[in-house]
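Asks: Before we start, here is the structure in question, set down as structure tokens.
Any read-out appearing in this document is the output of simple, stated calculations on the displayed coordinates, not a laboratory observation. In this text the structure is predicted, and so the values were computed from the model without any measurement. Here the Cβ positions follow ideal geometry from the backbone for every residue, glycine too, while neighbour counts run over all protein chains shown.
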Amino acid sequence: MATTADVRDLMDYLAASPSPFHAVAEAAARLRAAGFRSLDERARWDDVSGPCYVIREGALVAWRCPADATTDAPFRIVGAHTDSPNLRLKPKPDTDSSGWRQLAVEVYGGALVNSWLDRDLGLSGRVTLAGGESVLVLVDQPLARVPQLAIHLDRDVNERGLLLDRQQHLTPVWGLGRASEGDLAAFLAGRIPGVTPREILAWDLMLHDLTPPALLGLERELLASGRLDNLCSSWAAVVALTDEPEDPPDGEPCVPVACLFDHEEVGSASTSGAAGPLLETVVDRLVLARGGTAEDRHRALAGSFCLSADMAHAVHPNYPERHEPGHRPLPNGGPVLKVNANQRYATNSETTAVFLRACAAAEVPSQVFVSRNNLPCGSTIGPLTATRLGVRTVDVGCAQLSMHSARELCGTDDPAYLAAAIKAFFRGA
């Protein structure tokens, strides 16, 4: 299914997106190249026709509004997220210990913290200046490292397992000597033309692993990279939306919408997260700007569907007992339907059928994942969207290993499978 161009394009997107802000900027650049117009949330939306998008911090919502779509036309929504577990800089990061200069960090999300040890780390995110404007920052070179304790000083580590105190053991080093308040600000000012340290008021900065995305395996059928969860789904949503649209099967147009939210890994409760009002606000404005009413909005949502695209657990060859028998997805087996009776996923039989029809229309295989009864199940933006908008929702994703590691693994075919299925879903197949 996947072509070399598909895989390389995804790898380029992953490499260009070390932070949610960069992921959104890269997605926006691809949308503009495909003819999408940028709208300002603070401006009047008198014309929302055709391909458009809006950005709010680390989130983006894009859509194609067909010229013949009625004001109560249903939406076909795909939701993904731009954030990944990582190490984020604290407001006062300049610190030192025993002759080492260090950066104080906070663990963001459910990170596999051991995976951040002994890696060459860069710095990315945004800086906000005294004038109120924000500037993207990308230091894509070795800057910091979280060193592991030598085995000679921790002799039984392999027997008892690695125990890491998040406050004490995860502080990166970035040089020798004593720290002074303002060291990081001075460093950042040197990376932003025309800016002095005093002009830097605050930041949303994070560390990222510098190892580039890579193909591996006997047949190069696997993709290793940071941030597959969930930039793989974000990429698929953008690819599907920017592909040349086709006529809907039944001749009745719907409005395809791609939502790349931030803060999913910490619960989505933010102005740019799925639990916030961003999508609901955009839906309202899309109806009202076309002359619709509140009644039209309710009718549109009643006929709408949401596809929540987030990564799924592939069966682990070294831990097969952690997976439910009969529900053990493999990479390159197609998108995974994620099901949980306790509504940690929003999938039900009706929305399953919608997605399976999209897969059939795209000639894409599919798989199913269910957690074991004796293991807790993670969740996604799917239940949040279903709850906030009352939209019928299905949870799907590509199978992967090492979820929430600094370095994850998926198949090379599945991202293109997912993009093809999303495109069929957008058409209303």
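Asks: Just to confirm a number: summing +1 for Lys and Arg and -1 for Asp and Glu over residues other than ARG119 whose beta-carbon lies under 12 angstrom from that of ARG119, what do you get?
Replies: So the environment of ARG119 carries a net charge of -1.
Asks: Which of the trypsin sites (Lys or Arg not before Pro) found in region 21-98 are in a DSSP loop and have at most 11 neighbouring Cβ atoms, other than their own, within 10 Å?
Replies: Loop-located and lightly packed - ARG42, ARG44.
Asks: Next question. Taking a ≥ b ≥ c as the square roots of the eigenvalues of the Cα gyration tensor of the chain, is the shape rounded (a/c under 1.5), prolate (a/b larger than b/c) or oblate? Could you put the intermediate results ahead of the total?
Replies: Numbers: a/c = 2.06, a/b = 1.34, b/c = 1.54.
Cα axes put the chain in the oblate bin.
Asks: Once whole DSSP H runs in the chain are found, which of them have Cα atoms spread over 18 Å or more along the helix axis and a mean Kyte-Doolittle score of at least -0.5?
Replies: Correct list, ordered by number: 20-33, 228-242, 349-362, 414-427.
Asks: Multiply the residue separation of LEU356 and LEU375 by 0.36 nm, subtract the distance between their alpha-carbon atoms, and state the gained length in nm to one decimal.
Replies: Here the segment from LEU356 to LEU375 would lengthen by 4.2 nm.
Asks: Which FRET efficiency, nearest 0.05, do ILE192 and GLU246 yield, Cβ-Cβ r, R0 51 Å?
Replies: After rounding to 0.05, the efficiency reads 0.70.
Asks: Could you state the number of Å between the C-alpha centres of region 116-187 and region 238-267?
Replies: So the two Cα centres are separated by 37 Å.
Asks: How much mean residue ellipticity at 222 nm does the chain get from its helices, if each DSSP H run of length 4 or more adds -39500 (n - 2.57) and you divide by all residues, to the nearest 500 deg cm²/dmol?
Replies: About -7500 deg cm²/dmol.
Asks: In addition: Over all directions, average the projected area of the Cα convex hull of region 384-429 and note it in nm².
Replies: In nm², the orientation-averaged hull projection of region 384-429 is 4.5.
Asks: Further, regarding this structure: Let me make sure I get this right: for region 339-392, a, b and c are the square roots of the gyration tensor eigenvalues over alpha carbons, sorted descending. Under 1.5 in a/c it's rounded, otherwise prolate if a/b > b/c, else oblate. Which is it?
Replies: On the way: a/c = 2.59, a/b = 1.28, b/c = 2.02.
Here region 339-392 falls in the oblate category.
Asks: Here's a follow-up. Subtract the Cα-Cα distance of ALA29 and GLU199 from 0.36 nm times their separation in residues, and report this length gain in nm to one decimal.
Replies: Between ALA29 and GLU199, full extension yields an extra 58.4 nm.
Asks: Using 0.36 nm per residue, how much length does the chain from ASP156 to ASP140 gain when fully extended, once their Cα-Cα distance is taken away?
Replies: Between ASP156 and ASP140, full extension yields an extra 2.2 nm.
Asks: When only DSSP loop residues count, what trypsin sites (Lys or Arg not before Pro) in region 302-409 have their Cβ near at most 14 other Cβ atoms within 10 Å?
Replies: In loop regions of region 302-409 (DSSP not H, G, I, E or B), the sparsely surrounded trypsin sites (Lys or Arg not before Pro) are ARG372.
Asks: May I pose another question? State the Cα centre-to-centre distance between region 15-67 and region 353-424 in whole Å.
Replies: First find each Cα centre; the distance between them is then 23 Å.
Asks: Note down the nm distance, to one decimal, between modelled labels 7 Å out along Cα→Cβ at GLU324 and at LEU210.
Replies: Reported label-point gap for GLU324 and LEU210 is 4.3 nm.
Asks: Could you list the GluC sites (Glu not before Pro) in region 345-429 that lie in coil according to DSSP, counting only those with at most 14 other Cβ atoms within 10 Å of their Cβ?
Replies: Details: sites: GLU350, GLU363, GLU408; in loops: GLU363.
Taking region 345-429 and a limit of 14 other Cβ atoms within 10 Å, the loop GluC sites (Glu not before Pro) found are GLU363.
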